[in-house]
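Here is the structure we will look at, set down as structure tokens.
Coordinate-derived values only; no laboratory data. Since we're looking at a predicted model, the values are computed, not measured. In this analysis, Cβ positions are derived from the backbone assuming ideal geometry, glycine residues included, and neighbour counts consider all displayed protein chains.
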Amino acid sequence: MNNRFKCQWCEDLQAYRSNGNVLWELPDGSKAIKISETPQILCNNCGIVYTEEAITIEIEDQLLLIETDQLGDEVSYRDLVKMERKLKRNYFRFD
Ligand SMILES: [Zn+2]
């Protein structure tokens, strides 16, 4: 049940997964939004809170592929990753 992780910074083995708010700048730099309930790793030994690389990549990819105009100032991580991706129609055109 209680999965423990190795802290990326101090290598303590008691880091754990939790969900929290992160402030994220949109890819176009127009504004920062709050993403709530984002999976994070917390370490009580060194006090760091960080977002895993896989989650970071997922959020960044998603923000590039959705219409960020639809976003308010706050979205939950779960709602964000569910948002429909808008691939430009000519994205796969080869002519
Ligand atoms: Zn640590």
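Remarks
- Taking 0.36 nm per residue of separation and subtracting the Cα-Cα distance, full extension of the segment from R85 to Q62 would add 7.6 nm.
- Taking trypsin sites (Lys or Arg not before Pro) as exposed when DSSP calls them loop and at most 15 other C-beta atoms lie within 10 angstrom, the chain has its longest site-free stretch at 32-84.
- With each label modelled as a point 7 angstrom along the Cα→C-beta vector, the S18-S76 pair spans 1.9 nm.
- P(r) weight above 15 Å for the stretch 4-79, C-alpha pairs, percent: 56 percent
- Relative to the longest principal axis of the Cα atoms of the chain, the long axis of helix 53-65 lies at roughly 20 degrees.
- Annotation: amide H of S76 within the under-5 Å range of S36, sequence separation 5 or more or interchain, hydrogens built in the peptide plane.
- Of N45, I59, L26, farthest towards positive along the dipole that unit charges on Lys, Arg, Asp, Glu beta carbons give the chain: I59
- Computed about the Cα centre, the dipole magnitude for the chain is approximately 240 debye when only Lys and Arg (+1) and Asp and Glu (-1) carry charge, each at its Cβ.
- Aspartates and glutamates with Cα under 16 Å of K82, excluding same-chain neighbours fewer than 8 positions away: E37, E58, E60, D61, E67, D69, E74
- Only helical runs count toward this figure. For the chain, summing -39,500 (n - 2.57) over DSSP H runs of n ≥ 4 and dividing by all residues gives -6000 deg cm²/dmol at 222 nm.
- Amide N of the stretch 33-71 lying under 16 Å from the label point, which is placed 7 angstrom from the Cα of W9 along Cα→Cβ: 40-53
- Taking T51, T56 and counting other C-beta atoms within 10 Å, the order from fewest to most: T56, T51
- Karplus-derived 3J(HN,Hα) values for the stretch 13-25, using 6.51 cos²θ - 1.76 cosθ + 1.60 with θ = phi - 60°, are 8, 9, 5, 9, 8, 8, 10, x, 8, 10, 9, 10, 7 Hz; glycine and proline are entered as x.
- The GluC sites (Glu not before Pro) of the stretch 29-81 meeting both criteria, a DSSP state outside H, G, I, E and B (loop) and at most 15 other C-beta atoms within 10 angstrom of the site's C-beta, are E52, E67.
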